[in-house]
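Bear in mind these aren't lab numbers, they're just calculated from the coordinates by the rules spelled out. Keep in mind that what you see is a predicted model, and the values were worked out from it rather than measured.
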């Protein structure tokens, strides 16, 4: 069972000067590997070759935005049209 990483990101200031905090969900390398049925080393290799999904490096912790992962999965979908 996957457990997600939740991170609050301070994105900017709004028009009143208040900080905007965005609640985002992330997967770490191991979780992404499990989701895509690949080894963590494969995911790391893709990252080193600059292929695969974008990621964040937060003080040495590599995480992938779940929205990026869902977009990559949607783009990889092969449709055979109407049946």
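Calculated on the alpha-carbon coordinates, the convex hull of segment 27-76 measures out at 71 cubic angstrom per residue. Were the residues from residue 71 through residue 50 laid out at 0.36 nm apart, the gain over their Cα-Cα distance would be 5.8 nm.
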